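Everything on this sheet refers to the single structure shown next.
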Amino acid sequence: MKKLLCILLMIITVSPAAVFAASDSTTPEPYKKEEFNPVLHDIRRAEIITFGSLPFVTLGVTVAYGAYGYFSGEFSSFPNPLDKSADSFSSWQQAKIFGASLGISAGLGLIDFGINLARRRNRAKREKSLLENSRQIHVIPYREEFIRSGGLEKIESGEFEYVEETENLSEVN
C-alpha cells in the first residue's frame, strides 16, 4: 500500500512538470517600459536598497555599538561581531542593534525614494517649461525652381539666411 501511495504521489508531482516542459517557449518575456508606472520602479528600487543595505548597515552598527560599549566601559574587551563562539552581546543588545540597523536601512531606502521622486518632478517641470518657452520650428519645403536655380548652394555658402519674422529665405546684402 505504501509503494502504491508513493508511486501515485510521484505521478501527481511529476505530471505538471511534463506539461510545462512540453510548452513551446520557456523564456520569459521581458517587461515593456510602459507596463509599470515609474513610481513603482522607484518603490522597487527603494525596497532593494533597504534590504540590500541591511547586512552592511548591521555590521556597521554592530561595530559602532561595540566600540561605544568598549570606550564607555560597558565591555571589558572590544567585541568581535564576526565571532560566533563568543557571547559578546545579550539578546536585548542584539535586538537593539537589529532595530537600529533596520531603521537606518529603511531611512536609506526612503531617502533614495524621495530623491528619485524629486528628480522626476524636476525633470517634468523642466521639460514643461522648455516646451512652453521654446520656439516652434517650421519646416519649409524647397520648391523645385529654387533647387534648380542653385538655391541650396547659396544657402550652404551663406548667401541666404533664415529670417524669423517672415519665415522665408531672403538674400543677405
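Computed values, structure above
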{"item": "Sorted peptide list for 58-64, 28-34, 120-126, criterion being average Cβ within 10 angstrom, highest first", "result": "58-64, 120-126, 28-34"}
{"item": "Residues of type lysines that K84 reaches as a straight line, Cα spacing below 30 Å, ignoring anything fewer than 8 places off in the same chain", "result": "K96"}
{"item": "Summed residue charge, Cβ within 11 Å of L9's Cβ, Lys/Arg positive, Asp/Glu negative", "result": "+2"}
{"item": "Sequence-separation-based contact order of the range 48-111, relative, with Cα cut under 8 Å and 6+ spacing, percent", "result": "50 percent"}
{"item": "Net charge over other residues, Cβ less than 14 angstrom from the Cβ of R126 (K, R count +1; D, E count -1)", "result": "+4"}
{"item": "Simple label model, 7 Å out from Cα along Cβ direction - L5 to N37, nm", "result": "5.1 nm"}
{"item": "Linear extension gain, R45 paired with A118, 0.36 nm per residue minus alpha-carbon span", "result": "24.8 nm"}
{"item": "Shape call, the range 22-110: gyration tensor on alpha carbons, a/c limit 1.5", "result": "prolate"}
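Quick note: the coordinates plus some simple rules give every number you see, no bench work behind them. The structure presented is a predicted model; accordingly, all values stated were derived computationally and were not measured. In this analysis, Cβ positions are derived from the backbone assuming ideal geometry, glycine residues included, and neighbour counts consider all displayed protein chains.
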